[in-house]
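The values are calculated or read from the model by the stated rules, or taken from the named source; none is laboratory data. Since the structure is predicted, the reported quantities are computational estimates derived from the model, not experimental observations. Please note: Cβ atoms are built from the backbone with ideal geometry, for glycine as well, and neighbour counts cover all protein chains shown. Keep in mind that these areas ignore ligands, DNA and RNA; they rest on the heavy atoms of the full protein, side chains included. Shrake-Rupley method; radii C 1.70, N 1.55, O 1.52, S 1.80 Å.
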Amino acid sequence: MKEQVTGCIVNSVGSMKKIILLFMTALTISACTGHKNENVSTDSRPFDYVVEKFADLEILRYQVPGFESLTLNQKQLLYHLSEAALMGRDILFDQNCRYNLAIRRLLEAVYTAYDGDREDEQFKALEVYLKRVWFSNGIHHHYGEEKFLPGFSPEFLVDCVRKISASELPLRPGQTTDQFMMEVFPVMFDPNVLSKKVVQSGDRDLILASANNYYAGGITQKEVEDFYAKMKDPNDNTPVSYGLNSRLIKEKDGTIREKVWKVGGLYTEAIEPIVAELQKAVAYAENSAQKAIIEKLIEYYRTGDLKTFDEYAVLWVKDTDSEVDFINGFTETYGDPLGMKASWESTVNFINKEATKRTKIISDNAQWFEDNSPVFDRFKKKEVKGVSAKVITVSMLGGDCYPATPIGINLPNSNWIRRDHGSKSVTIENITEAYDKASQGNGFNEEFVWSDAERESMKKYGFITDNLHTDLHECLGHGSGIILPGVDPDGLKAYSSTLEEARADLFGLYYLADPKLLELGLVPDREAYQAEYYKFMMNGLMTQLVRIEEGKDIEEAHMRNRQLIARWAYENGKADHVVELRQKDNKTYVVINDYAMLRELFGALLSEVQRIKSEGDYEAGKQLVEKYGVKVNPVLHNEVLERYAKLNLSPYKGFVNPVMREVKNTKGEVTDVVLDYTEGYADQMLRYSRDYSFLPTYNE
Ligand code: ZN
């Protein structure tokens with residue numbers, strides 16, 4: 001599971017976001033402040049976080065504080081893991097839609113060869129479209145999943161394409177330029193072709209309706225479900241993650257089979273260089289446990305065996321001693337409406353020791369939180385295992401973590417591994433710091449928060465409570481509770497991601513208001529939680545709608561979860577006026593009248609969502625999500641969009657990576673690894689497409 005920033009600016013967004021501890025010195029947790037005041041850039045100018053803005057996106061850059069102080073060995077390890085993190089970029093493009101690589105390569109060819117006026121409106125629209133394709137790793141919006149359309153005309157593109165020699169174009173063998181355009185243009189320009197990457201609404205064939213490339217050959221949802229149902233043994237207590245690393249296809253003769261992503265299988269052209277870099281990394285492993293982890297991952301990439309993947313995940317989750325850590329592989333399943341197929345991603349990171357002291361307090365008390373939750377005892381974990389939580393600094397992002405970047409990650413996703421071996425939960429603090437710094441004082445709270453009292457509270461406590469909510473969500477929420485024996489962990493189908501996020505969010509919300517946090521020294525007083533409650537309700541009921549186009553429903557799991565919680569609490573507390581939507585000067589605001597009662601409502605909903613998960617109650621889960629999480633109030637939506645537009649902010653943000661370089665002496669030996677923060681967005685994307693692009697245009 002991973003968490004992304006929920007809204008538009010750091011001060012105004014909801015639960016998952018991770019705010020930096022810069023402001024904690026004044027409060028109780030001085031341990032967490034540490035390095036934050038260090039200026040890591042070598043000159044004295046302030047670090048420039050904002051790279052550029054286009055469409056609904058803002059590109060930022062992040063710093064890597066502490067990198068210089070690592071040992072040469074650690075830096076070399078990070079270097080090779082970082083190279084491996086970039087090698088899989090094409091895989092994600094192809095997973096997202098089978099035409100993505102063709103369209104990206106076509107646009108890049110036009111963009112670099114174009115010799116006309118670069119200020120021309122048509123060309124500028126092409127540039128924006130290409131930047132969006134880079135950002136989304138394809139032609140569908142990275143968050144909303146719908147296809148975005150070019151702002152230039154097909155005629156303009158035809159003219160451009162005709163000026164390029166056929167050898168520069170991503171043609172199929174034997175294909176002419178005209179045939180190529182006939183094939184690819186409708187995918188770009190026709191709104192009805194491959195219109196949505198992931199369709200999650202419950203009443204359609206989710207597989208046929210989705211434009212992603214996890215399934216092929218016209219296979220239906222029923223056929224997919226039957227195929228995997230046959231593989232599953234209800235008595236298997238440690239099942240592999242079926243379907244995780246393959247495309248499922250129906251052949252012309254009707255046979256159904258998996259094409260596994262591995263060395264020698266599908267995507268081998270990208271997986272082989274990943275493996276080659278991982279092999280180089282082995283030589284710089286910090287210890288034998290880490291060496292074994294990397295070697296096991298290599299074995300998995302070579303065999304595609306999901307049992308080997310589980311062995312790798314167990315080794316990985318147990319390693320809490322290494323300072324350098326990484327994710328590299330087919331990991332998260334948000335892109336598959338059935339939640340089985342995983343997109344490729346990578347992060348490379350090292351621990352932030354000072355900030356990790358805070359998360360350690362939480363994980364050390366994990367059993368207490370589990371025992372005292374408002375959930376029925378039969379759904380609780382008797383023994384909470386191996387909850388490890390740390391704050392990390394990322395040094396490279398790849399695949400589905402780039403450029404849109406998570407702020408927290410909790411892995412592995414396998415239920416039985418979490419049950420028997422625990423999970424590793426991280427908060428990515430150099431990313432949240434960049435979010436924070438880039439968005440200070442942008443007018444958002446002035447527009448949407450009810451009164452000075454709430455604004456003051458958010459200013460005073462928002463950093464701490466937002467942080468803590470993410471910690472609790474990641475470290476405890478996702479790891480809490482059990483699935484009853486015999487219940488299919490995939491049984492909640494299209495609703496499982498939303499309900500899982502709701503469970504984790506509610507766990508965090510419920511405990512934020514608990515006196516235990518004060519006792520542990522994690523909050524300064526008993527009122528601090530109100531800042532996060534206000535922020536959460538405002539975001540869930542109103543302001544997260546800035547990310548939804550007029551007339552559209554909510555699709556993304558984290559967003560559905562947040563509206564589900566906020567609307568459920570609003571509706572169920574209505575009789576007691578717990579939360580109101582109140583008007584002032586023709587504007588709508590969230591007003592919370594009774595914070596204590598709101599906490600009780602969160603507790604009640606947590607109990608119900610845990611029951612749904614524990615018992616695999618699909619119908620009840622569907623009811624909850626469809627009733628509260630999906631539909632949008634059109635009048636309120638419109639108002640929020642209008643108010644937001646006036647602020648001129650970008651609802652989504654992403655990051656460029658630093659450039660990582662080896663420094664060599666005259667003998668060719670590596671003497672250092674250095675970071676450069678000056679590369680621009682388009683330059684980075686073109687460089688990646690040049691140096692880290694290994695897949696054929698069509699992977700069929
Ligand atoms: Zn989560």
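Assuming R0 = 56 Å, can you tell me the calculated FRET efficiency for the pair residue 288 and residue 229, based on Cβ-Cβ distance, to the nearest 0.05?
Efficiency, rounded to the nearest 0.05: 0.90.
Give me a comma-separated list of calculated 3J(HN,Hα) values for region 561-573, in order, Karplus coefficients 6.51, -1.76, 1.60 applied at θ = phi - 60°, integers in Hz, x for any Gly or Pro.
With coefficients 6.51, -1.76 and 1.60, one gets 4, 5, 5, 3, 5, 5, 5, 4, 5, 4, 5, 6, x Hz.
Below 24 Å Cα-Cα, how many Lys pairs turn up in region 122-231? Only count pairs eight or more apart in sequence, or on different chains, if you could.
Qualifying lysine pairs in region 122-231: 11.
For n ≥ 4 DSSP H runs only, could you compute -39500 (n - 2.57) per run for the chain, divide by its residues and tell me the 222 nm figure to the nearest 500?
Per the formula, -13000 deg cm²/dmol.
From the cross-link list 390/516; 460/653; 280/667, which pairs have alpha carbons spaced over 22 Å apart?
460/653
Give the cross-link partners of residue 587 among the lysines, using a straight C-alpha distance below 18 Å as the criterion and excluding same-chain residues fewer than 8 apart.
Once the sequence-local lysines are set aside, what remains near residue 587 is 535, 646.
On the Cα set of the chain, report Rg and Dmax in Å, please.
Calculated on Cα positions, Rg and Dmax stand at 24.4, 77 Å.
What does the C-alpha gyration tensor say about the overall shape of region 107-173? Classify as rounded when a/c is under 1.5, otherwise prolate if a/b is larger than b/c, or oblate.
oblate
If you count only protein heavy atoms with a 1.4 Å probe, what accessible area per residue comes out for the chain, rounded to a whole Å²?
Value returned for the chain: 37 Å² of accessible area per residue.
Subtract the Cα-Cα distance of residue 208 and residue 189 from 0.36 nm times their separation in residues, and report this length gain in nm to one decimal.
Residue separation times 0.36 nm, minus the Cα-Cα distance, leaves 4.8 nm.
Once you keep just the Cα pairs under 8 angstrom separated by 6 or more residues, what percentage relative contact order results for region 588-698?
Across region 588-698, relative contact order equals 13 percent.
Mind ordering 60-71, 686-697 by average Cβ neighbours within 10 Å, highest first?
60-71, 686-697
What list of ³J(HN,Hα) couplings, whole Hz, do you get for region 664-679 from phi and the Karplus terms 6.51, -1.76, 1.60, once you set θ to phi - 60° and write x for glycine and proline?
Each residue of region 664-679 in turn: 10, 8, 5, 7, x, 7, 6, 9, 6, 10, 10, 10, 10, 9, 9, 5 Hz.
To check you understand DSSP bridge types, tell me what percent of the beta bridges within the chain (both residues inside) are antiparallel, rounded to 5.
75
Quick one: order 333, 470 from most to least accessible surface, probe 1.4 Å.
The ranking, largest first, comes out as 333, 470.
Quick one: of 552/622; 296/380; 357/385, which pairs are farther than 24 Å apart, Cα to Cα?
296/380
Between beta-carbons, use under 14 Å as the cut-off and find the net charge around residue 634, counting Lys and Arg +1, Asp and Glu -1.
-3
Would you give the gap between the C-alpha center of region 141-201 and the C-alpha center of region 554-632, rounded to a whole Å?
After rounding, the separation between the Cα centres reads 40 Å.
Between residue 125 and residue 646, what is the FRET efficiency for a Förster distance of 30 Å, r being their Cβ-Cβ separation, to the nearest 0.05?
It comes out at approximately 0.80.
Mind ordering 628-639, 340-351 by average Cβ neighbours within 10 Å, highest first?
Packing order, densest peptide first, comes out as 340-351, 628-639.
Sort 241, 614, 288 by heavy-atom solvent-accessible area, probe 1.4 angstrom, most to least.
Greatest to least solvent exposure: 288, 241, 614.
Within the P(r) computed for region 572-686, what percentage of the Cα pairs occupies the region above 20 Å?
For region 572-686, the fraction of Cα-Cα distances above 20 Å is 71 percent.
When only the heavy atoms of the protein chains count and the probe is 1.4 Å, how do 162, 172 rank by accessible area, highest first?
162, 172
Work out from phi, with θ = phi - 60° and the Karplus expression 6.51 cos²θ - 1.76 cosθ + 1.60, the ³J(HN,Hα) of each residue of region 71-82, listed in order in whole Hz, and give x for Gly and Pro.
Taking θ as phi minus 60°, the curve returns 6, 4, 4, 5, 5, 5, 4, 4, 4, 6, 5, 5 Hz for region 71-82.
In nm, to one decimal, how far is the residue 577 label point from the residue 318 one, both placed 7 Å along Cα→Cβ?
Reported label-point gap for residue 577 and residue 318 is 5.9 nm.
Quantify, in whole percent, the carbon and sulfur part of the accessible surface of region 235-385 (1.4 Å probe; protein heavy atoms only).
Its accessible area is 49 percent carbon and sulfur atoms.
Net charge within 12 Å of residue 601 by Cβ-Cβ distance, Lys/Arg positive one each and Asp/Glu negative one each, not counting residue 601 itself?
Spelling it out: positives minus negatives among the neighbours equals -2.
Once the Cβ-Cβ distance between residue 299 and residue 172 is put in as r, and R0 is 51 Å, what FRET efficiency do you end up with, to the nearest 0.05?
For R0 = 51 Å, the calculated efficiency reads 0.90.
Leaving out same-chain residues fewer than 8 places away, which aspartates and glutamates sit with a Cα under 13 Å from that of residue 382?
List returned: 370, 371, 420.
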